[in-house]
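Coordinate-derived values only; no laboratory data. All values reported here derive from a predicted model rather than from experimental measurement. Using ideal geometry, Cβ is built from the backbone for each residue, glycine included, and neighbour counts are taken over all protein chains shown.
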Amino acid sequence: MSDPATPALRKIVHVDMDAFYASVEQLDRPELRGLPVVVAKRSPRSVVTAASYEARIFGVHSAMPAMRAVRLCPHAVFVDPNFVRYKAVSAAIREIFHRYTDLVEPLSLDEAYLDVTHSPVDLPSATAIAKAVRADIRHETGLTASAGIAPNKFLAKIASDWRKPDGQFVITPKHVDAFLVSLDIGKIPGVGRVMKAKLKDMHITTVGDLRGIEQAVLQARFGRWGVRLYQLARGIDERPVQPHRESVQVSSEDTLREDLPLDALAPFIHQLAEKTWRNHQRKAPRVARTVVLKLKTSDFQILTRSYTPTVPPASAQQLADIACALRQRVELSASVRFRLVGVGLSGFSDSAPEMQQAELF
């Protein structure tokens, strides 16, 4: 196979905080340490934001309905999220990252990629740097972090989950093949429940199985994502760490007070389109080409539909009109009810294409 590393061999560290929100709560409130902590409002419409490792033992995890978490772990301690506090701790952690490299790409409040190929610190390896970063985090914040070290972002992200919590794992270039061949296909970022089922229909359950499929076959079945799967199966990921990454999407979403049918969602789509448009206008003057509609059913199935019109939307009204029209692409029974709606903009470019008129479908 091709060399799995990028042309200029990189040393990438992916740092992932351990149960970050729940750990911050346990840090601030010592009486919670050792207890199953669930960061969420204890209400029928709430969703779990985070769960401590003590709660995870009972099957509680993020994005789970709060009431299901109650059933799984009746003695769990529920704590309302405090994002002001989480952001402050995250900022302190990012300051630590920047001691070791200027190439830091945050993915969220609790994880980031670090390119330490040319780190200014006098340490012998990326492995040593990851260990030092984790030690600084523990010493200065009282929290633990896990890290993955590898020649690219794809592998580093997988590796950071390998020895959680409070551990690190290294995938060297010469060990990429051996690591990947038996890896469960679901470990590939982007391969969720639906994609995993589609791959299973093709008798693909491991990355080794995926390697046995020709690129043309994967591309014909899955388009550009098929090409990406072909590359990842061989450990190929040439994406650089991007410290000043532009927003890939501006969006707003809201959980409804009651579950509603698809044809009753228009007023909420219009409200969210207004909010999304205001957020978009406050950012740099870039043109958003694609409109995204996000829906979550009453049984927590998530659907997204997107459309790139000939001419980008030029107002909140146009955004709302396109998002409403995207409901036509939701092929579910009329009896299905929805609990969440979201409207987003993506596909940003610096200038608009010179077209005459936008058409919906």
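Length gain on complete extension for the stretch HIS118 to GLN219, per 0.36 nm per residue less the alpha carbon to alpha carbon distance?
On the way: separation 101, 0.36 × 101 = 36.36 nm, distance 3.60 nm.
Gain in length upon complete extension: 32.8 nm.
Magnitude of the Cβ-charge dipole of segment 21-82, K/R +1 and D/E -1, about the Cα centre, nearest 20 debye?
Working: 8 positive and 5 negative charges, 59 e Å.
Dipole magnitude for segment 21-82 comes out near 280 debye.
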Task: Inter-label distance for HIS98 and GLN271, nm, one decimal - labels placed 7 Å from Cα along Cα-to-Cβ - done: 3.8 nm
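State which helices in the chain qualify, where a helix is a whole DSSP H run, it must extend 20 Å or more along its own axis by its Cα atoms, and its mean Kyte-Doolittle hydropathy must be at least -1.0. Please report the intermediate quantities before stating the final value.
Working: long enough: 83-100 (26 Å, 0.05); 126-141 (22 Å, -0.14); 266-282 (24 Å, -1.28).
Those that clear 20 Å and a mean of -1.0 are 83-100, 126-141.
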Task: Net lengthening on full extension, LYS131/ASP184 (0.36 nm per residue, minus Cα-Cα) - done: 16.4 nm
Task: the chain - share of DSSP beta bridges that are antiparallel (%, nearest 5) - done: 90 percent
- [ ] Whole Å is fine, so just give me how far the alpha carbon centre of segment 253-304 lies from that of segment 118-194.
- [x] 35 Å
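Quick one: dipole size for segment 184-232, taken about the Cα centre, charges +1 on Lys/Arg Cβ and -1 on Asp/Glu Cβ, in debye to the nearest 20. Let's see the in-between values first.
Working: 9 positive and 4 negative charges, 40 e Å.
Roughly 180 debye for segment 184-232.
Based on other C-beta atoms within 10 Å, arrange PHE20, PHE300 from fewest to most.
On the way: PHE20 23, PHE300 13.
Ordered from fewest to most neighbouring Cβ atoms within 10 Å, PHE20, PHE300 come out as PHE300, PHE20.
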TODO: In nm, give the distance between the simple-model label positions of ALA264 and ALA88, each being 7 Å from the Cα along the Cα-to-Cβ direction.
DONE: 4.2 nm
Open item on the list: Within 10 Å, at most 13 other Cβ atoms, and a DSSP state outside H, G, I, E, B define an exposed site. Report the longest part of the chain free of exposed GluC sites (Glu not before Pro).
Closed with: 1-213
- [ ] Taking the Cβ of each residue in SER252, SER160, SER62 as the centre, tally the other Cβ atoms inside 10 Å and list the residues starting with the fewest.
- [x] SER62, SER252, SER160
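Ranking MET195, MET17 by Cβ neighbours within 10 Å, fewest first, what do you get?
Values: MET195 16, MET17 24.
Final ranking by Cβ density, sparse to dense: MET195, MET17.
State, as an integer percentage, the relative contact order of the chain based on alpha-carbon contacts under 8 Å between residues 6 or more apart.
Working: 671 pairs, mean separation 53.6, N = 361.
The normalised contact order for the chain reaches 15 percent.
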- [ ] Place +1 on the Cβ of every Lys and Arg and -1 on the Cβ of every Asp and Glu in segment 249-349, take the dipole about the Cα centre, and give the residue among SER346, LEU293, LEU265 whose Cα lies farthest towards its positive end.
- [x] SER346
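Restricting attention to segment 89-151, which chymotrypsin sites (Phe, Trp or Tyr not before Pro) occupy a DSSP loop and are surrounded by at most 13 other Cβ atoms within 10 Å? Numbers along the way, then the final one.
On the way: sites: PHE97, TYR100, TYR113; in loops: none.
Counting only loop positions with at most 13 other Cβ atoms within 10 Å, none of the chymotrypsin sites (Phe, Trp or Tyr not before Pro) in segment 89-151 qualifies.
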Task: Farthest toward positive dipole pole in the chain [+1 Lys/Arg, -1 Asp/Glu at C-beta], among PRO124, PRO30, PHE154 - done: PRO30
Task: Pairs of Lys in segment 150-267 closer than 19 Å at Cα, counting only those 8 or more apart or on different chains - done: 10
Task: Inter-probe distance in nm under a simple model that places probes 7 Å from Cα toward Cβ, at LYS196 and LEU332 - done: 2.1 nm
Open item on the list: Among LYS200, LYS87, LYS131, which one shows the highest mean-square fluctuation when the chain is modelled as a Gaussian network with alpha-carbon springs under 10 Å?
Closed with: LYS200
TODO: Report the charge-dipole magnitude of the chain in Debye, nearest 20, computed about the Cα centre from +1 at each Lys and Arg Cβ and -1 at each Asp and Glu Cβ.
DONE: 500 debye
